[in-house]
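Worksheet: the structure to be examined is printed underneath.
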Amino acid sequence: MVSSVPVITVDGPAASGKGTLAEGLAQALGFHLLDSGVFYRMLGWKALQCGIALDDESALAEQAVTLMPEFHGCQIWLDGQDIAQVIRHQEIGTAASKIAALPQVRASLLRLQRQARRAPGLVADGRDMGTVVFPDALCKFFLTASGAIRAERRHKQLIEKGLASNITTLLQEISERDARDESRVTAPLKPAVNAVTIDTTSLDADQVLTLALQHCRRLGLS
């Protein structure tokens, strides 16, 4: 049964390291990986392509239901295009953050996210994985880091991908996104009651992964 498949959730704000941790846990444990933010980015890209206003909740929810992405390694195919790189642009990230605040959109994407749960297990990263999408997850993490450090990390990521980036602008956008995520009525960004919080400000990726794996093993996941 799907409910018997173990799930590990990794939530947190932008550039806190949750994606890196989720990938590391999935590889170490042999679990499947769900980057929930991809769905909001895909929908944000679709909305901009179709000229749908980012506050048109009904139209966006209708589009969310019809999304049929195909994942092939690092490729994400939607509407006949590999959009894996384009959805990482800051413009798409900002659009994703805005539509993620809409309750109908979140409800429409919930089914797609939960379908990722399959044996032998799943590591899901996002902002409401442990509170809403997989509240019965066996193990939950919530990552935090200072705004300055997160802006530096995102700046580095974008530069490495060959994308334009301004660290001052990034810091402002991260601050604005945090405010939107934390204040939205539906599924606000917050740690699950039983989540383990890890401040990654002064930790590197290997140190964060070691701490998380130690906790997983205490729960019998290895």
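The values are calculated or read from the model by the stated rules, or taken from the named source; none is laboratory data. What you see is a predicted model, and the numbers here were worked out from it, not measured in a lab. FYI the Cβ positions are ideal-geometry reconstructions off the backbone, even for glycines, and counts take in every protein chain you see.
Structural remarks
- No other residue among 127, 88 is buried (at least 22 other Cβ atoms within 10 Å of the Cβ) and either touching a helix residue (DSSP H, G or I) at 6+ places or on another chain (Cβ under 8 Å) or among the polar types (S, T, N, Q) (or both) apart from 127.
Rundown of residues vs (1) surrounded by fewer than 15 Cβ atoms within 10 Å (Cβ to Cβ); (2) of a type in the set (Ser, Thr, Tyr); (3) modelled with pLDDT of 95 or more; (4) closer than 14 Å to residue 145 by Cα, yes/no style:
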| position | (1), (2), (3), (4) |
| --- | --- |
| 166 | yes, no, no, no |
| 181 | no, no, no, no |
| 185 | yes, no, no, no |
| 204 | yes, no, yes, yes |
| 209 | no, no, yes, no |
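- Residue within the stretch 151-161 that is of a type in the set (Asp, Glu) and free of Cβ contacts under 8 Å to residues at least 12 places away in the same chain present: yes
- Some residue of the stretch 99-117 being among the hydrophobic types (A, V, I, L, M, F, W, C), within 30 Å of residue 3 (Cβ to Cβ) and in contact with a strand residue (DSSP E or B) (Cβ under 7 Å, 6 or more places away or on another chain): yes
- Test: residue in the stretch 122-138 that is among the polar types (S, T, N, Q) and over 23 Å from residue 212 (Cα atoms): no
- Residues of the stretch 2-30 that turn out to be surrounded by fewer than 23 Cβ atoms within 10 Å (Cβ to Cβ) and at negative phi, as a count: 14
- Long-range neighbours under 7 Å by Cβ, at least six apart or interchain, first residue at negative phi and without any contact (Cβ under 8 Å) to a residue 40 or more places away in the chain within the stretch 165-187, second assigned to a helix (DSSP H, G or I) and not acidic (Asp, Glu): 167/151; 167/155; 171/147; 171/148; 171/151; 175/147
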